[in-house]
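Notes follow the structure.
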């Protein structure tokens, strides 16, 4: 059991704090990261979610509530990374014959990985507060990366639910902007000019604390705009490819958006979510599984034991390097039959076999979220 891994000193330092571990079979390194975080006096309560695994400073799938203290390292580098999903009104049977065409058009029109737009995008962000530091970072590449897909586990997916409705689902974040902003504030917090791991942060009302919150919120808004732009491009592609299929354009009032890297003041705490989906009572959300098993549209149940959160995915069981060393490309190809996706050595680290069983993960959080739809993939786009 996880509790047996705690040392006596850890038990003393976290005595009286409310801690809940939902993950099973979690590696010792991730547990030590979590307990190390909870040892700090400003850490009031914490939870490890079912998909928890080792990250930087705080494990992925970790949620910690603090008292008047904000830590950039507990939010992470990809500020505002999250999920957007929307139903299109298209029936799967009408899309499937055009799978190959749509797949190629998406790769042609949506830059992925380290690629950017040729020309800067237009975006009115004057209403969003930001510091001079963020303005300097943003001016270099922010608008050129708006509407582009990141690498790693970021993806665009078209799939169908139990009613054969086609959904568009996008997982992406704040691109290079979030990484540079996080690095800047981690350097400030550490006090030695290095963006390094550690439980370094700011008093919320300090100059640096207020500056970080301002720039973090800008990155969260930028990440959402990024996902919206991608979904808009997908709608354009569907419209030109399926001209005889009437379907609703993107309706922002029905768009499900839920990020999983942020900090917010809620329930009297500064809740830090690092790879954790906000799941307040009645709140819509999206929990992705893997390239083969698709994603789940959910409704939050507002569980205070999980700090009003749920998992943000299935959670890795193999790091990227180990996945490429240990997994079989042939097995990867076999398990992806029927799904149009980039199944090559370069995406082997995203094979379903690199992740925990998403169905078990969903079963283990039935008190955190209610499943509304299971969206099975037709097309999966990765860098």
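May I ask you to say which residue of 313, 319 is touching a helix residue (DSSP H, G or I) at 6+ places or on another chain (Cβ under 9 Å), within 20 Å of residue 52 (Cβ to Cβ) and surrounded by fewer than 16 Cβ atoms within 10 Å (Cβ to Cβ)? Write out each step before concluding.
Details: 313 fails: surrounded by fewer than 16 Cβ atoms within 10 Å (Cβ to Cβ).
The match here is 319.
Show the residue pairs meeting these rules: Cβ distance below 8 Å; 6+ apart or different chains; first residue within the stretch 339-355 and over 15 Å from residue 328 (Cβ atoms); second residue assigned to a helix (DSSP H, G or I).
Hits for this filter: 340/99; 340/100; 340/103; 341/347.
Could you run through the stretch 6-35 and say how many residues are at pLDDT below 50 and either exposed (fewer than 13 other Cβ atoms within 10 Å of the Cβ) or under 23 Å from the mean Cα position of the chain (by Cα) (or both)?
The initial filter retains those residues of the stretch 6-35 that are at pLDDT below 50, namely 6-12.
Still in the list and also either exposed (fewer than 13 other Cβ atoms within 10 Å of the Cβ) or under 23 Å from the mean Cα position of the chain (by Cα) (or both): 7-9, 11-12.
Residues meeting the conditions: 5.
Collect the residues in the stretch 213-260 that are at pLDDT 95 or above, out of contact with any helix residue (DSSP H, G or I) (no Cβ under 9 Å at 6 or more places or on another chain) and not in a helix (DSSP H, G or I), keeping them in residue-number order.
Passing the criteria: 256, 258, 260.
Quick test for you: out of 147, 173, 159, 178, pick the one residue that is at pLDDT 95 or above, within 18 Å of the chain's Cα centre (by Cα) and more than 25 Å from residue 319 (Cβ to Cβ).
On the way: 173 fails: more than 25 Å from residue 319 (Cβ to Cβ); 159 fails: within 18 Å of the chain's Cα centre (by Cα); 178 fails: more than 25 Å from residue 319 (Cβ to Cβ).
One residue alone meets the criteria, 147.
Hey, can you tell me all the residues within the stretch 13-72 that are more than 21 Å from residue 316 (Cα to Cα), assigned to a loop (DSSP other than H, G, I, E, B) and in contact (Cβ under 8 Å) with a residue 24 or more places away in the chain?
14, 17, 39, 40, 42, 67, 68, 71
Each row is one residue, and each column tells you yes or no for (1) in contact with a strand residue (DSSP E or B) (Cβ under 7 Å, 6 or more places away or on another chain); (2) without any contact (Cβ under 8 Å) to a residue 60 or more places away in the chain; (3) assigned to a helix (DSSP H, G or I); (4) surrounded by fewer than 24 Cβ atoms within 10 Å (Cβ to Cβ).
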| residue | (1), (2), (3), (4) |
| --- | --- |
| 170 | yes, no, no, no |
| 187 | no, yes, yes, yes |
| 200 | no, no, no, yes |
| 210 | no, yes, yes, yes |
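The values are calculated or read from the model by the stated rules, or taken from the named source; none is laboratory data. As the structure is a computational prediction, the values presented were derived from the model and not from experiment. Cβ coordinates were reconstructed from backbone atoms using ideal geometry, including for glycine residues, and neighbour counts include every protein chain displayed.
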